[in-house]
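Before any comments, here is the structure.
The values are calculated or read from the model by the stated rules, or taken from the named source; none is laboratory data. Every value quoted in this text rests on a predicted model; they were computed, and no experiment measured them. Here the Cβ is made from the backbone with ideal geometry for all residues, glycine too, and neighbour counts use every protein chain on show.
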C-alpha cells in the first residue's frame, strides 16, 4: 500500500534533487555542461523582475498566512458546537466540496462572480449604491481576490484535521469543566483550544515551510495582463522562464532558492515553536 506513495516521492521529490546542479551550470546541447558557480543566482539578485516577483510572493504569502490560517480552526470549533449530526454532515459536505474543484473551475467562477457588468458581487454592491468595482483588473483588489478565493477553496477541507483533533479530546475534560461551572465559550477556550494546540503548532510550522509556494495554478487562472505585475510570484516566474523561454538554468536557480528558503523557514519555525510552546514537528 505504501509503494505508490514511495514511488511518487522518489520520482517527483528525491530524484530531481540531483538535477538541481543545473543551477550551477551553463547547459550545452552537446555535453558536458560548463560549471559557472553562482552566476545564475547573481543574475537573479540583480534582476528587477525577479525582485518584484519576490516582493509579490512575500506579500501574498503573508496575507494568506495571516488571514487564511486561522479560518479552518474557527470552522472546526464551530462544527464541534453543532448539536445535530445530520446538520453537521450537511455543512461539512458543502464546505468540503470546493476542495475537489480545480483552479480552472474556481477561476472561472471567481471571474464571473466578480464581473463589473453582471457579477453577483457587483450586483449586490449596486443595491447599496457602491460600484461597479473591476476587482479582476484593479491592482488594489486583486491580491485580496487571491486570498479570499483560496480561503473559500481550502478552509473547509483544512478544518478536517482540526475537527479530527477535537474529536480525539477526552470527553471527561469537558465533563470536569462543566462540573466546575464552565460555560460553552469557557470550555472552548480552556479545553478545546489547548487540546488541539499540538495540531495547530504542527500545521503552522508546515504552512511557514510552504511560505513561498503561493499557488501556481491559482495565479495562472486568475492572472491577466492588467494586474500580472501585482500577483506574479516565484512559481509563475519559474514556469515562464523555464518552460516558455527555455532558460532552464535560471528557472532551476530560482526554484532551488525557493526550496532553500522554505527549508530554512520550517526549521526556524520548528525551533521557535519548541522554545516557546514545547511543541514542534519533531
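Exactly one condition in (1) modelled with pLDDT of 85 or more; (2) touching a helix residue (DSSP H, G or I) at 6+ places or on another chain (Cβ under 6 Å); (3) buried (at least 17 other Cβ atoms within 10 Å of the Cβ) is not met by residue 257; state its number.
Single failed check for residue 257: (2).
Are any residues in segment 60-78 under 17 Å from residue 211 (Cβ atoms) and touching a helix residue (DSSP H, G or I) at 6+ places or on another chain (Cβ under 7 Å), and if so, which ones?
60, 63, 64, 65, 67, 68, 69
Do we find that residue 190 is outside any helix (DSSP H, G or I) and assigned by TED's automatic domain parsing to the domain that holds residue 57 in this structure?
Spelling it out, it is not the case that residue 190 is outside any helix (DSSP H, G or I) and assigned by TED's automatic domain parsing to the domain that holds residue 57.
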